[in-house]
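J.: Attaching a single structure in C-alpha cells format; questions to follow.
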Amino acid sequence: MINNMPNAEHQKASDITYFYDEDTNKAYWGARHALDGYTENYINEGVKKGNTSDIFPLLNWNLTYSEAGLYDLKAPNITVISDKTNVDKRTIEYQLKTNRQAEEIFMQSVSSLKVFKLVINGKEVELTENKYTKNQPLLWTYVVGQVGEVTVEITVDADDSVEWIVADRAYSIPETKGERSPEYSTYGDNSFVMKKVKY
C-alpha cells in the first residue's frame with residue numbers, strides 16, 4: 001500500500017514524474033523531493049537541478065531531472081467543433097480527449113489573448129482578468145475521470161493569434177523501475193504529455 005502523507009513511520013517524501021513533449025520528442029524524469037534509492041533508478045545520469053519550465057513549459061515546479069527514454073504516449077487530441085467570428089470577437093469551441101486514460105487535461109495559452117468568455121463543459125468560468133500574455137498565460141485544468149474528454153468554448157478578440165499548449169496528466173508513470181522503500185511517503189507518481197497547437 002502506498003502512503004500518501006508523511007507521518008511518524010514514513011517521514012521521508014518521495015516522488016517521480018515523467019514529462020514528454022510531443023513536439024520536440026524529448027522526455028525527462030523529474031523529482032521534486034530529494035533523490036532516494038527509488039527515484040535514483042530513474043534519475044542517475046546527466047542529473048540537473050532547475051524548474052519544470054526548463055524542460056516542460058506548463059508547470060512551475062523546482063525539481064531534479066534528467067533525460068528519459070521514450071514510450072508510446074500521445075498528447076490529447078484537440079478538435080475544433082466550431083469557429084465563428086462576429087464583428088470584433090471570435091468564438092472557438094474545442095473538444096479535448098485523452099489518448100491514454102489520463103485523469104486530467106490542461107490547456108494553457110501561449111499567445112497574447114484578450115478573453116471575453118470561457119466555458120468548460122457548458123459551465124462559464126469566472127475570470128479574474130481578461131488579458132493574458134506568454135509570461136502570464138491563461139491556464140486551466142479539468143479532471144476528466146472515466147469520460148476522458150472535455151469541451152471548451154472561448155471568446156477572444158478577433159485579431160488575436162490563438163496558440164495553446166494542450167496536455168494531460170495521468171496518476172501513473174509509463175514504467176516502474178525498482179520498488180519504493182516503505183520508509184517513504186508519496187503523493188503519487190505522475191506523467192504529463194503535451195503538444196502545442198495554433199489556430
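J.: Just name the residue that is nearest to D189 (Cα to Cα) out of those in segment 76-112 that are free of Cβ contacts under 8 Å to residues at least 40 places away in the same chain and either β-branched (V, I, T) or touching a Ser or Thr at 6+ places or on another chain (Cβ under 7 Å) (or both).
T.: T79
J.: Report whether or not E163 is surrounded by fewer than 17 Cβ atoms within 10 Å (Cβ to Cβ) and at pLDDT 95 or above.
T.: yes
J.: Moving on. Select from segment 177-199 the residues that are in a loop (DSSP other than H, G, I, E, B) and either under 17 Å from the mean Cα position of the chain (by Cα) or under 22 Å from Q108 (Cβ atoms) (or both) and list them in ascending order.
T.: Correct list: Y187, G188, D189, Y199.
J.: Can you pull out the residues in segment 80-99 that are charged (D, E, K, R) and at pLDDT below 95?
T.: none
Yes or no, residue by residue, for (1) under 27 Å from T151 (Cα atoms); (2) touching a helix residue (DSSP H, G or I) at 6+ places or on another chain (Cβ under 7 Å); (3) surrounded by fewer than 14 Cβ atoms within 10 Å (Cβ to Cβ); (4) of a type in the set (A, V, I, L, M):
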site: E22; (1), (2), (3), (4): yes, no, no, no
site: K26; (1), (2), (3), (4): no, no, no, no
site: A34; (1), (2), (3), (4): no, no, yes, yes
site: G46; (1), (2), (3), (4): no, no, yes, no
site: W61; (1), (2), (3), (4): no, yes, no, no
site: P76; (1), (2), (3), (4): yes, no, no, no
site: I81; (1), (2), (3), (4): yes, no, yes, yes
site: T91; (1), (2), (3), (4): yes, no, no, no
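J.: Does Q95 satisfy being in contact with a Leu (Cβ under 8 Å, 6 or more places away or on another chain), of a type in the set (S, T, N, Q) and not in a loop (DSSP other than H, G, I, E, B)?
T.: no
J.: Something else about it: Give the number of residues within segment 12-40 that are more than 21 Å from V193 (Cα to Cα) and not in a loop (DSSP other than H, G, I, E, B).
T.: Residues that pass the stated criteria total 3.
The values are calculated or read from the model by the stated rules, or taken from the named source; none is laboratory data. Keep in mind it's a predicted model, so treat the numbers as computed, not measured. As a convention, Cβ positions derive from the backbone with ideal geometry for all residues, glycine included, and neighbour counts pool all protein chains shown.
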